[in-house]
Amino acid sequence: ATIVLRALGPSLASANVSGTLADPSMTIYDANGAIIAADDNWQDDMNSVQVEQNGLAPTNDLESATVLHPPSGAYSVIVTGTDGTEGVSLFELYDLD
């Protein structure tokens, strides 16, 4: 499978969402609790070109996005605010297959 994961925050303000998470980051864990990927600021991610090529680039540079090719299994994603900040965020998963 090929998937894109995104954690949005600042761009939600354009949809009149108040109290958005200013700088979301995400960490992806496998079923054993091991970190398999993490992202903060999508343009710094090694897969940022693939995110853009699939038309899924966040509109704000502080938001998170990455491309993964995980094997079948259970996964967890935790979205947090950088430096412990709090706010409203939106997590999205896109299956590209």
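Overview of values
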quantity	calculated
Gaussian network model of the chain, Cα within-10 Å springs - most flexible of Ser48, Ser25, Ser14	Ser14
Neighbourhood charge, 10 Å Cβ-Cβ cut-off, centred on Asp39 and excluding it, Lys, Arg +1 and Asp, Glu -1	-3
Farthest positive-ward along the chain dipole, Cα basis, beta-carbon charges - from Leu62, Ala37, Tyr94	Tyr94
Sulfur and carbon atoms: percent of accessible area, the chain [1.4 Å]	49 percent
Residue among Asp39, Asp83, Asp30 with the largest mean-square fluctuation in a Gaussian network model of the chain, springs linking Cα atoms under 10 Å	Asp83
Max mean-square fluctuation residue, GNM over the chain, Cα-Cα springs under 10 Å, options Pro58, Pro70, Pro24	Pro70
Cα gyration tensor, segment 10-91 - rounded (a/c under 1.5), prolate or oblate	oblate
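The values are calculated or read from the model by the stated rules, or taken from the named source; none is laboratory data. Predicted model, so just to flag it, every value in this text is computed and none were measured. Positions of Cβ are generated from backbone atoms using ideal geometry, with glycine treated the same way; all protein chains shown enter the neighbour counts. Just the protein is used for accessible areas: all its heavy atoms, side chains included, with ligands, DNA and RNA removed. Shrake-Rupley method; radii C 1.70, N 1.55, O 1.52, S 1.80 Å.
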